[in-house]
1. Going by the structure shown, is Leu214 at pLDDT 90 or above, open to solvent by less than 30 Å² (accessible area, probe 1.4 Å) and in contact with a strand residue (DSSP E or B) (Cβ under 9 Å, 6 or more places away or on another chain)?
2. Please pick out the residue among Leu138, Leu105 that is open to solvent by less than 40 Å² (accessible area, probe 1.4 Å), modelled with pLDDT of 95 or more and in contact with a Lys or Arg (Cβ under 8 Å, 6 or more places away or on another chain).
3. Can you find, within segment 61-97, the residue that is nearest to Asp114 (Cα to Cα) among those that are open to solvent by 60 Å² or more (accessible area, probe 1.4 Å) and among the β-branched types (Val, Ile, Thr)?
4. Is there any pair linking a residue in segment 189-203 that is over 14 Å from Trp250 (Cβ atoms) to one that is assigned to a helix (DSSP H, G or I), with Cβ under 7 Å and at least six apart or on different chains, and which?
5. Is one or more of the residues making up segment 229-236 surrounded by fewer than 17 Cβ atoms within 10 Å (Cβ to Cβ), in a loop (DSSP other than H, G, I, E, B) and among the basic types (Lys, Arg)?
6. For segment 86-99, which residues satisfy the criterion of being closer than 16 Å to Leu47 by Cα and without any contact (Cβ under 8 Å) to a residue 24 or more places away in the chain?
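The values are calculated or read from the model by the stated rules, or taken from the named source; none is laboratory data. Bear in mind that the values here come from a model prediction, so they are computed numbers and not experimental data. Here the Cβ positions follow ideal geometry from the backbone for every residue, glycine too, while neighbour counts run over all protein chains shown. Surface areas here come from the heavy atoms of the whole protein model, side chains and all, with no ligands, DNA or RNA. Shrake-Rupley method; radii C 1.70, N 1.55, O 1.52, S 1.80 Å.
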Amino acid sequence: AELQKVLDRVIADIAQRKAESARRGIVLRLDELARLFQLTAFDIDTLIVCLASEIDLRYERLYAYLQDDVTRKRPSVDLALNLLSPSFEAKLAARQRFTSNAPLLKHHLLYLFDDPAQPQPSLLSKYLKLDERVVSYLFGSDECDARLLPYVERVEPGPPLAHVLLPADVKDRLARMVRRYFTGKGLIFYFDGPYGVGKQTTAEGLCREMNIGLLVMNGEHLLNADDSAFQTVVKLVGREAALQQSAVYWEGF
């Protein structure tokens, strides 16, 4: 009971600090990550458990101690559940947060990996590792994921849509569609025409209209990559667009 009182005071203090940060216009990246990928409080706490050893290696010794094995320096699913679940029922419910369709794994925020000495382990025995791009994002970096660099270029949108060389009625329809239907969850345009007619320029103009960036994906280059690279890039580019607050322009898709 005494411990819970202390925790409640800490939680209230954190909430007050977060509210003050929001009032000052300070973006808290952990909160932003939660907003972008619909993370629960349990998800966030799991990320913090994994992030701890990225800040201080002494946490590796602590996790080994808690798991009664000097070789187990990374938190396991079981350790995270035991640390963060106040009851057995809560532990069973939280277990679902480590399925492939749950946000942590679906958006590749963290990975599960096996102990080489334990073939075909249960879910509880698997270890947790934060994705390196998520770590760098939480530490304040806006550098694009290194795995995307051969295929993706971040572009600052050029002139506003009003200055793009298109018929006025086309520009007006595009602008109205963006204002009416853009919700942050996805709006898809298909631009067709020969080289030089302004497809990417139009995309940049729309991004300027929405006040977001643009990631240009070289689809033809990507087709020359091996299958594993292709699948990895396709999976990660959507997450990168969310982190960068950008749209994706697939060139030669």
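1. yes
2. Checking each option against the conditions leaves just Leu138.
3. Thr71
4. Gly193/Lys199
5. Scanning segment 229-236, I find no residue that is surrounded by fewer than 17 Cβ atoms within 10 Å (Cβ to Cβ), in a loop (DSSP other than H, G, I, E, B) and among the basic types (Lys, Arg), so the answer is no.
6. Hits for segment 86-99 are Gln96, Thr99.
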